[in-house]
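So the structure is just underneath, and the comments pick up after that.
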């Protein structure tokens, strides 16, 4: 950690995205992002529900996949984004990175929740049980706990700067642990379950199913980014409200 | 530096001996948890023997979590944590000393005491060595991962519950490999599983010896500013 | 049309999944936009109430 290089790097980053410039840039981006994400989702829904065939094995329940798989993808994408933003926040002290990590958490948690519930709704007709302790479901459940813990830590510490640094440490420790937890759960699963368990992912996926899946995944990803911008803008304003209130308190103390 | 490190461990041991009767409280909690299980699921000895390794491990996790919140909180409240942070001993080593103290006062007594609740749960005596060896390897990992949660929540009112929530997901690999090592000795899992799980458990423990103090020190720096 | 809503006998599962797939993101979007609006109104109220003096005082802090 040489102070000279990190200083210049952080200065360059600050010039690249200070809060005021971010507000201006995101304000211009929001409308097109809404149009693209909602458009993709509408087309995706049409293909998912109407224009794609039922699976020869799973029948109509395969349509659950078009919501479930993109949610699971965004659950992992959200946590990776959070961890990357936390790393940037800790190394470069970038003010927007903290806000990015904080804003990504509730969106990621919501999609993790969606992945879990749709997984249960898929499991009931396919496996005959709402919940099976399969390696994938279990590790997504643990990911959900990690999201909740991260959000609880933000909520528990009152001072924003302190909360941001503590939460960033937690997100990074979580990112280091996620592969270990994932590996241990898979290992545990092979130890306990017979090999004849029905697998969700077939060897190949038909192209007519790939199109709705890709459309929905892309649409949900754009939706994620759009919401992330909205929430980051709200966080910047929240910061502004705080400074204004502090200034008011200081001014009234002077009088 | 080494002397300061050991002096800190010694201080924590003496404090624990005076306030909590050493590991007495933790062992007591451990026994109570194990005693509650048969009351919940019925006195079927065969069933109890089957779930005994898992139960003992879960009880170990819970007793370890229960003592986490006092790890830094007491020092934070009386100001000695600020002194430690300003001292010459790096905060990473302070955290490591704290974790070592936690292991010696809660983890180690529980490992030593494990045969007693094991007998009460009808666990076969032949499985005791494997179970205790796995617990001995896993308990330091619980302490060194636990200090991360304790460091993150220092200074938060009712931080103990939050620390448990934050840390419990990180305990999962320790739990899985630890239980597998004991169960392999009990039920004769396919060859190699016992050794493999013990190796993996040691790998997780070694990784947490590094990750725990580094992350806990970063968390303390964030909270002490 | 009836066949479409029937979903091969799995209507309850498939339509619940799609309902959730709409409701959960929608709730999140409504919450986010409402929060943005609330903060924007707060900033506006604080700035107009305070006038120029406090705005000047707040500027340097806001740049961090």
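Per-structure values
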quantity: Failed condition for residue A:220, given (1) under 30 Å from residue B:213 (Cα atoms); (2) at pLDDT 85 or above; calculated: (1)
quantity: Criterion: farther than 30 Å from residue A:40 by Cβ, touching a helix residue (DSSP H, G or I) at 6+ places or on another chain (Cβ under 8 Å), part of a helix (DSSP H, G or I) and at pLDDT 90 or above - qualifying residue of C:20, C:42; calculated: C:42
quantity: Test: residue in segment A:135-148 that is surrounded by 17 or more Cβ atoms within 10 Å (Cβ to Cβ) and within 17 Å of residue A:216 (Cα to Cα); calculated: no
quantity: Considering residues of segment B:75-96 that are surrounded by 22 or more Cβ atoms within 10 Å (Cβ to Cβ) and at pLDDT 90 or above only, the residue farthest from residue B:178 (Cα to Cα); calculated: B:91
quantity: Residue in segment A:120-132 that is under 17 Å from the mean Cα position of the chain (by Cα) and surrounded by 20 or more Cβ atoms within 10 Å (Cβ to Cβ) present; calculated: no
quantity: Among the residues listed as A:175, A:166, A:155, A:171, the single one being within 20 Å of the chain's Cα centre (by Cα), more than 8 Å from chain B (Cβ to nearest Cβ) and crowded, with 20+ Cβ neighbours inside 10 Å; calculated: A:171
quantity: Number of the exception - residue A:77 against (1) surrounded by fewer than 23 Cβ atoms within 10 Å (Cβ to Cβ); (2) over 17 Å from residue A:216 (Cβ atoms); calculated: (2)
quantity: Where a residue in segment A:238-255 is touching a residue at least 12 places away in the same chain (Cβ under 8 Å) and its partner, wherever it lies, is outside any helix (DSSP H, G or I), with Cβ under 9 Å and at least six apart; calculated: A:239/C:64
quantity: Some residue of segment A:187-206 being within 24 Å of residue A:83 (Cβ to Cβ) and modelled with pLDDT of 90 or more; calculated: no
quantity: Which numbered condition residue A:48 misses (of (1) surrounded by 20 or more Cβ atoms within 10 Å (Cβ to Cβ); (2) more than 18 Å from residue A:123 (Cβ to Cβ); (3) within 11 Å of chain C (Cβ to nearest Cβ); (4) modelled with pLDDT of 85 or more); calculated: (4)
quantity: Test result for residue B:8, touching a residue at least 24 places away in the same chain (Cβ under 8 Å), buried (at least 17 other Cβ atoms within 10 Å of the Cβ), outside any helix (DSSP H, G or I) and in contact with a helix residue (DSSP H, G or I) (Cβ under 9 Å, 6 or more places away or on another chain); calculated: no
quantity: Of all residues making up segment A:105-126, the number that are touching a residue at least 24 places away in the same chain (Cβ under 8 Å) and within 18 Å of residue A:141 (Cα to Cα); calculated: 15
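Yes/no matrix, rows are residues, columns are (1) away from chain C (no Cβ under 11 Å); (2) at pLDDT 90 or above; (3) in a helix (DSSP H, G or I):
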residue	(1), (2), (3)
A:29	yes, no, yes
A:35	yes, yes, yes
A:44	no, no, yes
A:52	yes, no, no
A:61	no, no, yes
A:78	yes, yes, yes
A:89	yes, yes, yes
A:102	yes, yes, yes
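The values are calculated or read from the model by the stated rules, or taken from the named source; none is laboratory data. As the structure is a prediction and not an experimental result, all values here were calculated from the model. For neighbour counting, all protein chains shown are included, and Cβ atoms are generated from backbone atoms with ideal geometry for every residue, glycine included.
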